[in-house]
Amino acid sequence: MITRLHSAAVEGINGYEVQVEVDARPVEDVGRIAVVGLPDAAVRESVQRVTAALDNSSFFRPGNVNVTVNLAPADVRKQGPGFDLPIAVALEMVIQENYRDVPDAFKRRVPAGLDDWCLVGELALDGMVRGVRGVLPLAVAARDAGRKFMMVAQENAAEAAVVDGLTVYAVATLRDAWDVLVNPVKFVPYHLPQDVPPLPAEVDFDEVKGQPYARRAMEIAAAGGHNLLMCGSPGSGKSMLASRLPTILPPLTQEEALEASKIHSVCGLLPRTGGLLAHRPFRSPHHTISDVGLMGGGSNITPGEISLAHHGVLFLDELPEFARRTLETLRQPLESGRVTISRASGSMDFPSAFMFIAAMNPCPCGYLGDATHRCRCSPADVARYRKKISGPLLDRFDMVIEVPPVAPASLLSSPDGESSASIRARVVAARARQMQRYAETGAVCNARLSSKKLRKFCPLAPSQQQMLLDAVAQLGLSARAFDRILRVARTIADLAGCDAPTDAHIYEAIQFRQFESQLRG
């Protein structure tokens, strides 16, 4: 009297298959339903949801039956309401197949051959099937486990359908789910629309007035995936420039889109209207964010903002206003592209390869060095303010630039910059050169190139080596900064279509680190 169905669960950002086993045995008194297999509160509460959904969907459920639901593997904690649908279907199958006193009005044809199916969905009390988080990694796990068909709620169908080799059926109610399982050939599988939504058209780089130096830095950062810190007075355009960065970033590759979409799926942030993310994520958390919000964690360990920015941009405005402890947690992920969250309940490893873009004022009042406003900060105030950004964190930026105030006369003039489309064309071409060059290394852009590979793919003439050494010594930079300058020079050469950096490219890359010495004091 046991029925087995297949479902799936999420651990971190990856899915794994779960077998839903249901055993029903008649008893003389009132029966009960027990769920075992390390269920969390949401899974244990499925008993009430499943029984109400069966009753309200006109399924037969005798009251004198003891039901045991086992979720295997039993040594891994199960979370979320996604097991409601397979539990309800398996329970009704056990009753229809083994209970002799089913009234004729409630007898139903029992589905067969369900070993190729994976069922995921939350049930409302009236039998409606609701969507759940993390369907994309669940679909990948189902496909990898050899399942050919997957049944999900209508709002999750687009996520599941992006997985090749898996036929997806979207259902609205428990009764629909039963009918599909009984005779799937009568129903049309879900097909993902092929149209890719265009980039948002609300902002464009041609709206930026002045700031040619900052625009150039933005283009280089986008082309090589570099980290950038902008320092300038309020109103100089730092946030405006950062908000337009997504309009010049290269499109996601298929592999990048899948990785980033899995993270957004687990967090319930993947758009319901489409499959994979169409554009690179841009995350801009408020400066009051906690360590857990930025890095990830919690009682049920979930990804934070740095993982949601994977293959995209993390923008921190008013950088010194963030808690120093929170900022310091960024140092290791910026180097490795991954973050490991360890708690008493376990350890999770999340990807976090993102572009780090930040903006700050030169002093607490914001007007140090501004010709039109008087700075009222003492030298001690300025030093204290800048010390909120540690030297090791400052070292993680590839470029540190000053963004001067825009002249009032420029505000009434026509924008003198290029459009995002023309800049993006150069960025895409530069990234294509990098992907072709690093095809065998696993790196996708210059910023992610290891120091060992950097020496191989970016050899320097003796005079260029001396130029870099002199600059590092004069500016008081570290050995890490040496490599970062070289990576930026490699990107500048890619934008120019050159096979190797020239002296001019290296000198320009050095210019993007000169302001750093002022911030260090």
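The values are calculated or read from the model by the stated rules, or taken from the named source; none is laboratory data. Fair warning: this is a prediction, and the values are worked out from it, not measured in the lab. When we count neighbours, we look across all protein chains shown, and the Cβ atoms used for this are built from the backbone with ideal geometry, even at glycine. Just so you know, the surface numbers come from the protein's heavy atoms only, side chains and all, with ligands and any DNA or RNA stripped out. Shrake-Rupley method; radii C 1.70, N 1.55, O 1.52, S 1.80 Å.
Here are the numbers for this structure:
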{"quantity": "Residue within the stretch 282-293 that is more than 25 Å from L393 (Cα to Cα) and of a type outside the set (D, E, K, R) present", "calculated": "no"}
{"quantity": "Residue count, the stretch 485-519 (criterion: part of a helix (DSSP H, G or I), open to solvent by less than 20 Å² (accessible area, probe 1.4 Å) and among the charged types (D, E, K, R))", "calculated": "3"}
{"quantity": "Residue match in the stretch 314-322 (condition: on the phi < 0 side of the Ramachandran plot, open to solvent by 10 Å² or more (accessible area, probe 1.4 Å) and in a helix (DSSP H, G or I))", "calculated": "yes"}
{"quantity": "Options D75, D55: the member that is free of Cβ contacts under 8 Å to residues at least 24 places away in the same chain, over 23 Å from V135 (Cβ atoms) and open to solvent by 40 Å² or more (accessible area, probe 1.4 Å)", "calculated": "D55"}
{"quantity": "Every pair of residues 6+ apart whose Cβ atoms lie under 8 Å, when the first sits in the stretch 370-385 and is touching a residue at least 60 places away in the same chain (Cβ under 8 Å) while the second is part of a helix (DSSP H, G or I) and open to solvent by less than 50 Å² (accessible area, probe 1.4 Å)", "calculated": "Y385/P320"}
{"quantity": "Residue within the stretch 293-306 that is open to solvent by less than 30 Å² (accessible area, probe 1.4 Å), at positive phi and in contact with a strand residue (DSSP E or B) (Cβ under 7 Å, 6 or more places away or on another chain) present", "calculated": "yes"}
{"quantity": "Residue list for the stretch 342-364, restricted to those being farther than 25 Å from L249 by Cα, at pLDDT 90 or above and touching a Pro at 6+ places or on another chain (Cβ under 9 Å)", "calculated": "N361, P364"}
{"quantity": "Considering residues of the stretch 398-425 that are among the charged types (D, E, K, R) and modelled with pLDDT of 90 or more only, the residue surrounded by the fewest Cβ atoms within 10 Å (Cβ to Cβ)", "calculated": "E402"}
{"quantity": "Members of the stretch 217-239 that are crowded, with 22+ Cβ neighbours inside 10 Å, modelled with pLDDT under 95 and over 16 Å from G417 (Cα atoms)", "calculated": "G232, S233"}
{"quantity": "One residue from D395, D381, D370 being among the acidic types (D, E), surrounded by 14 or more Cβ atoms within 10 Å (Cβ to Cβ) and within 30 Å of S336 (Cβ to Cβ)", "calculated": "D395"}
{"quantity": "Which numbered condition F60 fails, given (1) surrounded by 19 or more Cβ atoms within 10 Å (Cβ to Cβ); (2) modelled with pLDDT under 95", "calculated": "(1)"}
{"quantity": "Residue within the stretch 453-466 that is within 23 Å of T253 (Cβ to Cβ), outside any helix (DSSP H, G or I), in contact with a Phe, Trp or Tyr (Cβ under 9 Å, 6 or more places away or on another chain) and open to solvent by less than 70 Å² (accessible area, probe 1.4 Å) present", "calculated": "no"}
{"quantity": "Qualifying positions in the stretch 11-42 - in a strand (DSSP E or B) and either of a type outside the set (A, V, I, L, M, F, W, C) or out of contact with any strand residue (DSSP E or B) (no Cβ under 8 Å at 6 or more places or on another chain) (or both)", "calculated": "E11, N14, G15, Y16, E17, Q19, E21, D23, R25, P26, P39"}
{"quantity": "Out of V67, V43, V20, sole residue that is crowded, with 19+ Cβ neighbours inside 10 Å, under 18 Å from E97 (Cα atoms) and either under 30 Å from the mean Cα position of the chain (by Cα) or hydroxyl-bearing (S, T, Y) (or both)", "calculated": "V20"}
{"quantity": "Residues within the stretch 240-289 that are of a type in the set (G, A, S) and open to solvent by less than 20 Å² (accessible area, probe 1.4 Å), tallied", "calculated": "6"}
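The rows are residues; the columns are (1) closer than 30 Å to E207 by Cα; (2) without any contact (Cβ under 8 Å) to a residue 40 or more places away in the chain.
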site: R426; (1), (2): yes, no
site: Q436; (1), (2): no, yes
site: S451; (1), (2): no, yes
site: Q465; (1), (2): no, yes
site: V472; (1), (2): no, yes
site: D499; (1), (2): no, yes
site: S517; (1), (2): no, no
